[in-house]
1. Would you mind telling me which residue in Val17, Val202, Val149 has the biggest mean-square fluctuation in a Gaussian network model of the chain, where springs connect alpha carbons within a distance under 10 angstrom?
2. Which of Lys37/Lys292; Lys16/Lys51; Lys29/Lys285; Lys60/Lys91; Lys89/Lys297; Lys60/Lys257 have a Cα-Cα distance over 31 Å?
3. Between Gln198 and Leu164, what's the calculated FRET efficiency when r is the beta-carbon distance and R0 is 35 Å? Round to 0.05.
4. Which one of Ala277, Ala54, Ala40 has the biggest mean-square fluctuation once the chain is modelled by GNM with Cα springs under 10 Å?
5. Going by the alpha-carbon gyration tensor, a ≥ b ≥ c the square roots of its eigenvalues, is the chain rounded (a/c under 1.5) or, if a/c is not under 1.5, prolate (a/b greater than b/c) versus oblate?
6. What is the distance in Å between the Cα centroid of the stretch 240-289 and that of the stretch 159-218?
7. Return the long-range amide H neighbours of Ile214 (sequence gap of 5 or more, or a different chain), with a cut-off of under 5 Å between placed amide H atoms.
8. If you restrict to DSSP beta bridges whose two residues both lie in the chain, what percentage is antiparallel, to the nearest 5?
Amino acid sequence: MGKNFTLEQIPDMTGKVCIVTGGNTGIGKVCALELVKKNAHVIVASRTPSKALATIEEIKAETKSDKIEFIQLDLLSLASVTKFISEFKAKNLPLHLLLNNAGVMACPFALSEDGIESQFATNHLAHFYLTTQLLPILEQSQPSRIVNVSSSAHKMLLFHGFTLDTLNEKSKYSPSVAYARTKTCNVLFTRELDQRLQKKGVKNLYVNSNHPGIVRTELVRHNGPVLNAIIRQFSIDANDGAITQMYLATSPEVEAKDIHGQYYVPFAEPSTPSGYAATQENQTKLWDFTEKILSEKVPGYAGAGI
């Protein structure tokens, strides 16, 4: 498969401030490293301080740069997201890139701290909340970008329906279907947010989503040995997995070609989401459903603001 972009093509990022969720491991770690190599100021947003700080020391040693720091973010806790937002705002920094990279895949049924199915809470709800609350800073920092990491797994939902009302019911839980639903949500959120920004007249905030490829990372830890053995035959490493999202995050082509509200696949190829991820009805349904949860779970929640 040819590559329309490589990590070597990431432009100089001097003066750019970037947040990478899940930046302590896998593809996120590669993205954080490559951004620091290109002189960006990177904030690693992840749950476990010991892992994040170890990654940061590695990146500092490799790049000889200290433009990387850690702010704790537990995506299973909306209170933690609130705290992260507050801590980031207190730094009075601009924000040029929000890379919503963190995620979990096909894990056993569990509820978040807020009583929400864990994959939906991690992969969609917390990232929606984080993104919309940082929008004013992203708008002030234009040109700026948001990249939401989705997956081709969104196509799996075609046989199951885009159901949100029963996502917290253990008896109706399927790990793979729940994952596919969240990856559908990533695409729907990207498209709806882009449309709202366009309607508001925000032209230089580029919101896109991507499928990184089938990547050998910790994300597959719940799959079991047989499935993982099969996956290894078709998978790519984290460096290649980072290419498509780093294209959307950094390439000058995104601005030159006015790429926004789009879905890209390896390696930096435009594609079209399918099934439930492609309907306006589901975009609106998801946005309203998400806002309802946040208004119930976040004290003083004032809405997405767009």
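1. In this elastic network of the chain, the residue with the biggest mean-square fluctuation among Val17, Val202, Val149 is Val202.
2. Over 31 Å apart, Cα to Cα: Lys37/Lys292; Lys29/Lys285; Lys60/Lys257.
3. Working: r = 25 Å, r/R0 = 0.72.
So the FRET efficiency works out to roughly 0.90.
4. Of Ala277, Ala54, Ala40, the Gaussian network model singles out Ala54 as fluctuating most.
5. Rounded is the answer for the chain, as its axis ratio a/c remains below 1.5.
6. Each part's Cα centre sits 11 Å from the other's.
7. The answer is Ile236.
8. 15 percent
Every number here is computed from the coordinates shown, using simple stated rules; none is lab data. As the structure is a computational prediction, the values presented were derived from the model and not from experiment. For neighbour counting, all protein chains shown are included, and Cβ atoms are generated from backbone atoms with ideal geometry for every residue, glycine included.
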